[in-house]
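Accompanying notes for the structure given below.
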Amino acid sequence: MILYRPVGTQELRLIQESGYLKFPPRLPEQPIFYPVLNEKYAVEIASGWNVQYNDDHKGYVTRFEIDDAYAAQFAVQTVGTQYHQELWVPAEELEVFNQHIIGKIEVISSFSEE
C-alpha cells in the first residue's frame, strides 16, 4: 500500500536522521499517527496547515510503501470529503508500523509561504 504523510521541518529532520527509514515517535499530545491514502489530501495538509501553523512556514509531503497485510489491520477513516482518508495508527504501534515500511520514505513535495 502506498501512503502519504504531510510533515513539517522538525519531523522531516527526524525522518532524515533515520536514513529515511522510519517516522519518529509521537509526542505525548499526539496519540495517533495518521498517514493519508492519497497525495491530493496530503498536499492540502502540507500546503495549508503545515505552512500556516509551523514556525518556519514550511510543509512537505512524504510518500512510502507499507506491507499490505500489515496495513489491513487499520480501518480507513474518512474525516471530511470522500478523499480525506487516513489510517489511524495508535502512537504505541508506530515502532511496529515502521518495521513494515518497504524501502525508504521519500519527500515528493515541499511548500512554503514565500
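Evaluate the range 35-49: report whether one residue or more is out of contact with any Cys (no Cβ under 6 Å at 6 or more places or on another chain), more than 11 Å from Pro6 (Cα to Cα), of a type in the set (A, V, I, L, M) and in a helix (DSSP H, G or I). For the range 35-49, residues out of contact with any Cys (no Cβ under 6 Å at 6 or more places or on another chain), more than 11 Å from Pro6 (Cα to Cα), of a type in the set (A, V, I, L, M) and in a helix (DSSP H, G or I): absent. Of the listed requirements (1) open to solvent by 40 Å² or more (accessible area, probe 1.4 Å); (2) not in a loop (DSSP other than H, G, I, E, B), Lys22 misses just one: (2).
Within the range 66-78, being more than 25 Å from Leu14 (Cα to Cα) and assigned to a loop (DSSP other than H, G, I, E, B) holds for Ala72, Gln73, Ala75.
So that you can scan it fast, the table gives a plain yes or no per residue for (1) surrounded by 15 or more Cβ atoms within 10 Å (Cβ to Cβ); (2) assigned to a strand (DSSP E or B):
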| position | (1), (2) |
| --- | --- |
| Phe64 | yes, yes |
| Gly80 | no, no |
| Tyr83 | no, no |
| Glu92 | no, no |
| Val96 | no, no |
| Gly103 | no, yes |
| Glu106 | no, yes |
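Select from the range 3-17 the residues that are open to solvent by 30 Å² or more (accessible area, probe 1.4 Å) and polar (S, T, N, Q) and write down the one among them that is nearest to Gly48 (Cα to Cα). Top of the filtered list is Gln10. In the range 34-48, the condition of being closer than 19 Å to Glu93 by Cβ and touching a Pro at 6+ places or on another chain (Cβ under 6 Å) is met by no residue. Cβ separations smaller than 7 Å between residues 6+ apart or across chains give the following pairs from the range 30-59 residues that are open to solvent by less than 30 Å² (accessible area, probe 1.4 Å) to residues that are of a type in the set (Val, Ile, Thr) and in a helix (DSSP H, G or I): Gly59/Val51.
The values are calculated or read from the model by the stated rules, or taken from the named source; none is laboratory data. Not measured: the values here are computed from a predicted model. Ideal geometry is used to build each Cβ from the backbone, glycine not excepted, and the neighbour counts take in all protein chains shown. Side chains are part of the model used for accessible areas, which takes the heavy atoms of the whole protein and leaves out ligands, DNA and RNA. Shrake-Rupley method; radii C 1.70, N 1.55, O 1.52, S 1.80 Å.
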